[in-house]
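Computed from the coordinates by the stated procedures, all read-outs in this text should not be read as laboratory data. It should be emphasised that the depicted structure is a prediction, and the values quoted were computed from it without experimental measurement. So basically every Cβ, Gly included, is an ideal-geometry build from the backbone, and we count neighbours across all protein chains shown.
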Amino acid sequence: NYTTNLRLADLESGDVLFATHHDGAPLAPEHGGPLRLVVPKLYGWKSAKWARGLEFLEADRRGYWEERGYHDRGDVGKEQRMWE
């Protein structure tokens, strides 16, 4: 029941991808296979393992970790870890 939220601008960034393989081999379950979202510029809780769907919303809805106090965006460059 893990969810995360991303701004559309972050999702459309040129370095974001949905990974199925790593170094030519299928992505192992312990690393998020068969499908993992990779968002390099945001903290790890934004790179969801075991992706099963993608939902576009008109309004923001916090995900699993965001509901528990983690920052809504999680920008590594701005050190956005926890809500203040």
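Length available on full extension from F56 to R68: 0.36 nm per residue minus the Cα-Cα distance, which gives 2.1 nm. For the chain, the dipole from Cβ point charges (+1 on Lys and Arg, -1 on Asp and Glu) about the Cα centre works out to 160 debye, to the nearest 20. With R₀ fixed at 35 Å, the C-beta to C-beta distance from A25 to W83 puts the FRET efficiency at about 0.40.
Using helices alone, I'd like the mean residue ellipticity at 222 nm for the chain: each DSSP H run of four-plus residues gives -39500 (n - 2.57), total over residue count, nearest 500.
Helix contribution divided over all residues of the chain: -1500 deg cm²/dmol.
Each other residue within a Cβ distance under 13 Å of E67 adds +1 if Lys or Arg and -1 if Asp or Glu, for a net charge of 0.
Over segment 1-83, what is the relative contact order in whole percent, taking alpha-carbon pairs under 8 Å and six or more residues apart? Working shown, then result.
Details: 114 pairs, mean separation 24.4, N = 83.
Answer for segment 1-83 is 29 percent.
When the alpha carbon gyration tensor of segment 8-67 is reduced to an equivalent ellipsoid, its three semi-axes come out at 22, 13, 11 angstrom, largest first.
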